[in-house]
Amino acid sequence: MRRKMKIKERILIFGGLALFFFAVTYAFWQEGEAKKIPTPVAKSPSEQCVESGEYMRESHMLVLDEWRKSAVRDGDRIHVTPDGREFEKSLKTCFECHVSRGFCVRCHTYASARPNCFSCHQEM
């Protein structure tokens, strides 16, 4: 009788360890291809963005935050690029080329980011 209890205990212990191992490593077992990063598309490829495309992909959130602070707090509502072009510091400026908020949603969904822009701003 004593021997049977030890076997049952061993089965429970090894079963528990196997379950724990499975739970810890489950995410690594998932196979699949990485999703392709969404590419922003402008209305017209000839139009130039406020900054280079590479810079905007990496730092658009910093640009928009700086615009928000300077426009709201300092009243500075015009952005002048190094080559002399002028843009209004507004999401409307972005949507003149980047059609709609769906453009933003695709990338932010991919990156699991939750921007708060649209808690105040309606789709333009």
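The values are calculated or read from the model by the stated rules, or taken from the named source; none is laboratory data. Nothing here was measured: the structure is a model prediction, and the numbers come from that model. Methodologically, a virtual Cβ is constructed for each residue, glycine included, from the backbone with ideal geometry; neighbour enumeration extends over all protein chains shown.
Residue-by-condition table, conditions (1) modelled with pLDDT under 90; (2) in contact with a Cys (Cβ under 6 Å, 6 or more places away or on another chain); (3) surrounded by 10 or more Cβ atoms within 10 Å (Cβ to Cβ):
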residue	(1), (2), (3)
24	yes, no, no
31	yes, no, no
40	yes, no, yes
74	no, no, no
90	yes, no, yes
### Task
Considering (1) in contact with a Pro (Cβ under 7 Å, 6 or more places away or on another chain); (2) modelled with pLDDT of 90 or more, say which one residue 86 fails and leave the rest.
(1)
